[in-house]
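In what follows, a single structure is set out as structure tokens and then discussed.
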Amino acid sequence: MKTRLGIYLQSKREQLQLSRSEFVLQMPKETRITSSTLGQIERGKIKTPPKKRLQGFAKVLGVKLETLQKLLIVTSVVLTVNSLFPREISAIKTIRQYEPIEGYHVAFSGGKDSIVVLDLVKKAQVRYRAYMSLTTVDPPDLIHFIKEHYPEVNFLKPKTSMFKLIIEKHSLPTRIGRYCCGPLKEYAGKGEFTITGIRAEESSKRSKRKMFEEDTRPGMKGKMYLNPIINWTTLDVWDHIDHYNLRFPIAYEEGMNRIGCIGCPLATPITRRKELEKYPRFKKMYLKAIRIAMSEKKQNGESYALSVHFKDEYEALDWWLSNLSIKDWKNNKSVKQLKLW
């Protein structure tokens, strides 16, 4: 039965591209162990190594001793009807049923749904590695929260950024045209069996999603999905978090209904404006990207839509945050002047 510490040590060691022998050689002499002992700790055979050993691990990984001490908790529980709710038993059985030999790629965002899914994966006692795809517009406090409370999560960096995409596309991503998701998030797990926290209740589009899916898009062939809480309600999710006292971002207590990219068009206009007020550095970056995108011309000398419809980057940002079509935004603006940034 693996431990959180064992999973964390193995994932970080592999991330550093160190063999067990190489890892233990980097430990201070007074804390050093054999590679065989390290393997037993990673596999959960040794569940509570002494503080001295933890100090050696912390030195090699460059983390605080307290971070490793928080991980001295067994990752799984006995699967019995008495200890779990029916919906959990069903989800865990499904996770076990599809377990691939190489283990799951668990998509983690730090939001309530992914927190529950990660907990279910641990309870299922299956092989996995958890990843968060950084999008370059992630709330800084969310990253800090994940590093502190879910240290086993690995961070993946995209090859581009949201701001470079805006300049490249000469437009802003919308609910209909979210060109940002592919290069910033969905590339992760390509060719792997990915577990997500997608739920049917979230949107009409997601209501059509299934428990097991295969990605047939060009360039994504071979990527499969398992959505074990597809039929859970929001209440089910919060009940699970409350019952097991799982840590979740404080943003939910501050009134946010969703956790995600700063300015994401899937959020409500109120939420999006609140986010950019809370993180002014990101607002400035959005404005700069829009300004550059508006200043460029097509090869034939024509202007792109942003500069055709809006006089400056402030108007373009105001439209974008409204979640309205350009026509409806202009109509509303003509009737009542909207607040511009």
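Anything over 23 Å Cα to Cα? Flag those among Lys164/Lys208; Lys190/Lys210; Lys122/Lys147, in the order listed.
Lys164/Lys208
Take each of the peptides 238-248, 102-112, average the number of other beta-carbon atoms within 10 Å over its residues, and list them starting from the highest.
The densest-packed peptide leads the list: 102-112, 238-248.
Kindly provide the helix-only [θ] at 222 nm of the chain, computed as the sum of -39,500 (n - 2.57) over DSSP H runs of four or more divided by all residues, to the nearest 500 deg cm²/dmol?
After summing the helix terms and dividing by the residues of the chain, the value is -12500 deg cm²/dmol.
Return the Rg/Rh value of the stretch 4-69, two decimal places, where both radii are evaluated on C-alpha atoms and Rh is the Kirkwood radius.
0.90
Share of antiparallel DSSP beta bridges in the chain, in percent to the nearest 5?
Here the antiparallel bridges make up roughly 30 percent for the chain.
Restricting things to Cα coordinates, could you compute the convex hull volume per residue of the stretch 269-335 in Å³?
Value for the stretch 269-335: 85 Å³ per residue.
With the alpha-carbon atoms as the only input, what is the per residue convex hull volume for the stretch 133-194 in Å³?
Convex hull of Cα atoms, per residue: 110 Å³.
Give the cross-link partners of Lys284 among the aspartates and glutamates, using a straight C-alpha distance below 17 Å as the criterion and excluding same-chain residues fewer than 8 apart.
Asp138, Glu275, Asp312, Glu313, Glu315, Asp318
Report, largest value first, the span of the C-alpha coordinates of the stretch 233-275 along each principal axis, in whole Å.
Sorted from largest, the Cα extents of the stretch 233-275 read 33, 20, 15 Å.
Under the Cβ-under-4.7 Å rule, which cysteines of the chain stay unpaired?
Taking the Cβ cut-off of 4.7 Å, the unpaired cysteines of the chain are Cys180, Cys181.
Give the dimensionless ratio obtained when the Cα radius of gyration of the chain is divided by 2.2 N^0.38 Å.
Rounded to two decimals, the normalised Rg is 1.14.
Lys59 versus Thr233, label points 7 Å from Cα toward the beta carbon: distance in nm?
5.5
Report, ordered by chain and residue number, the aspartates and glutamates lying within cross-link reach of Lys221, taken as a straight Cα distance under 14 Å and ignoring same-chain residues fewer than 8 apart.
Lys221 reaches Glu186, Glu192, Glu213.
Across 5 Å bins from 0, what is the distribution of all Cα-Cα pair distances for the stretch 186-250, in whole percents?
Result returned by the calculation: 4, 16, 20, 20, 17, 13, 7, 2, 0.
To the nearest Å, what is the center-to-center distance of the stretch 165-210 and the stretch 292-306, using C-alpha atoms only?
27
Defining a contact as two alpha carbons under 8 Å apart and six or more residues distant in sequence, what relative contact order in percent does the stretch 269-335 show?
29
Please report, in cubic angstrom per residue, the volume enclosed by the convex hull of the alpha-carbon atoms of the stretch 1-144.
Per-residue hull volume (Cα only) is 133 Å³.
For the stretch 86-252, state what percent of all Cα-Cα pairs lands in each successive 5 Å bin, counting from 0 Å until the bin that includes the largest distance.
With 5 Å bins starting at 0, P(r) equals 1, 8, 16, 20, 22, 18, 10, 4, 1, 0.
Report the relative contact order of the chain, percent, no decimals, based on alpha-carbon pairs under 8 angstrom and at least 6 residues apart.
Relative contact order here is 14 percent.
Bear in mind these aren't lab numbers, they're just calculated from the coordinates by the rules spelled out. Because the structure is predicted, anything quoted here is derived from the model rather than measured. Cβ: placed from backbone, ideal geometry, glycine included. Neighbour counts: every protein chain shown.
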